[in-house]
Amino acid sequence: MTDPFDFFAFSMSMARLGLDSQVVIAERMSRLARGDFAAGVEAVRMVTEKTITLGEVNARLVSAATNGRLDKVGPEIVALYGRKVRANRRRLAR
């Protein structure tokens, strides 16, 4: 039987990821709306980061599938995205 606190912790991680993502999206949209050189750099960075992170997620999914632990990989993926989004939030806040 799974620990109910694991589900609670996972839910809180998902909530934080959602809130942090909204802040990052808002900041990026305001930067992209300027249309200057920095906006182009941000657009390239955004697409590059998403592509690299998707590769990391796919690698984790393949590894989990081959080891028969797909049921455990969800929190790892949320943690990965959480780290990336929080890093962007800190960077964009400067």
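Select from Gly82, Gly35, Gly74 the residue whose mean-square fluctuation is largest in a Gaussian network model of the chain (Cα-Cα springs shorter than 10 Å).
Of the options given, Gly35 has the highest mean-square fluctuation.
Say we join alpha carbon atoms closer than 10 Å with springs in a Gaussian network model of the chain; which of Ser63, Ser13, Ser21 then has the biggest fluctuation?
Evaluated over the chain, the most mobile residue of the options is Ser63.
Along region 86-91, what does the Karplus equation 6.51 cos²θ - 1.76 cosθ + 1.60 (θ = phi - 60°) give for ³J(HN,Hα), rounded to whole Hz, x for Gly and Pro?
Going residue by residue, I get 5, 5, 5, 4, 5, 5 Hz, with x marking Gly and Pro.
How much of the accessible area of the chain, in percent, comes from carbon and sulfur atoms when a 1.4 Å probe is used?
About 66 percent, which is the carbon plus sulfur part of the accessible surface.
Tell me, what is the per residue accessible area of region 14-94 in Å², probe radius 1.4 Å?
Per-residue accessible area for region 14-94 comes out at 66 Å².
Note down the net charge around Phe10, summing +1 for each Lys or Arg and -1 for each Asp or Glu among other residues with Cβ under 14 Å from its Cβ.
In short, -2.
Indicate the gyration tensor shape class of the chain (rounded, prolate or oblate), computed on the Cα atoms with a ≥ b ≥ c the square roots of the eigenvalues: a/c under 1.5 is rounded; otherwise a/b larger than b/c is prolate and the rest oblate.
Oblate shape, in that a/c is at least 1.5 and b/c is the bigger or equal ratio.
The values are calculated or read from the model by the stated rules, or taken from the named source; none is laboratory data. Remember, predicted model here, so these are calculated numbers, not experimental data. Neighbour counts are summed over all protein chains in view; Cβ atoms, including those assigned to glycine, are modelled from backbone coordinates with ideal geometry. To get the accessible areas, we keep the full protein, side chains included, count just its heavy atoms, and leave off ligands, DNA and RNA. Shrake-Rupley method; radii C 1.70, N 1.55, O 1.52, S 1.80 Å.
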